Amino acid sequence: MSIKEYQEKIAANMRNWQKIENSGIASTNRIIEKTRNPVVRMVMEIIQRDSEMHHRVQELIAESLEATTVTLSPDELAAVWGMIEEHVKLERSTIELAKNSLEETEKAKGMLVQHYLLEYLLKDEEKHEEILANLDKIKGGMYPYA
């Protein structure tokens, strides 16, 4: 297959995935409307917002393959890199707080819901740190900042 054919296939996959995300958003809406339980509602709202963001990322991927050129220049990245490094420090602080809080819930009995929610928060903060680390890898591969 040619590069163009791969690009078309990936773009089509993104468009199909977006349809599934839309169905997921509608599904979470139905669940939210059906329940008053704050834990279930919170989980559905988290999934809903993640699905909305996934849809936006899929759109950017598809557009970048279909017509729109998506670029990231070394100068653009360098202009904000100091702020990104400061943000990484914030993420690391939240990870430590989440880990400490999780340890406390493990010591105390009967905090299953809080433990469950803290695990979610920890994974999400770790995800933030990871995507910033991956952005650093992109930066590392760019001239003249490599």
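The values are calculated or read from the model by the stated rules, or taken from the named source; none is laboratory data. A quick note: this is a predicted structure, and the numbers were derived from the prediction, not measured. Note: ideal-geometry Cβ built from the backbone for every residue, glycine included; neighbour counts use all protein chains shown.
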Condition broken by Val80, with the remaining ones in (1) touching a residue at least 40 places away in the same chain (Cβ under 8 Å); (2) within 23 Å of Asp136 (Cα to Cα); (3) among the aliphatic types (A, V, I, L, M) satisfied:
(1)
Can you tell me which residue is modelled with the lowest pLDDT among those in the stretch 130-146 that are closer than 11 Å to Leu72 by Cβ and assigned to a helix (DSSP H, G or I)?
Lys139
Can you tell me which residue in the stretch 99-146 is surrounded by the most Cβ atoms within 10 Å (Cβ to Cβ), limited to those that are farther than 19 Å from Met42 by Cα and aromatic (Phe, Trp, Tyr)?
Tyr145
Given (1) assigned to a helix (DSSP H, G or I); (2) surrounded by fewer than 14 Cβ atoms within 10 Å (Cβ to Cβ); (3) modelled with pLDDT under 95, index of the condition Glu96 fails
(3)
For Thr69, all conditions in the list (1) over 14 Å from the mean Cα position of the chain (by Cα); (2) not in a loop (DSSP other than H, G, I, E, B) hold save one; what is the number of the exception?
(2)
In this structure, is Val57 within 17 Å of Asp124 (Cβ to Cβ) and without any contact (Cβ under 8 Å) to a residue 24 or more places away in the chain?
yes
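Find the residue count for the stretch 1-30, including only residues that are touching a residue at least 12 places away in the same chain (Cβ under 8 Å) and more than 19 Å from the chain's Cα centre (by Cα).
Initially, the stretch 1-30 is screened for residues touching a residue at least 12 places away in the same chain (Cβ under 8 Å), giving 7-8, 10-11, 14-15, 17-18, 21-22, 24-25, 28-29.
Adding the requirement that they be more than 19 Å from the chain's Cα centre (by Cα) leaves 7-8, 10-11, 29.
Selection size over the stretch 1-30: 5.
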Given the options Val88, Val39, name the one that is farther than 30 Å from Asp136 by Cβ, assigned to a helix (DSSP H, G or I) and in contact (Cβ under 8 Å) with a residue 40 or more places away in the chain.
Val39
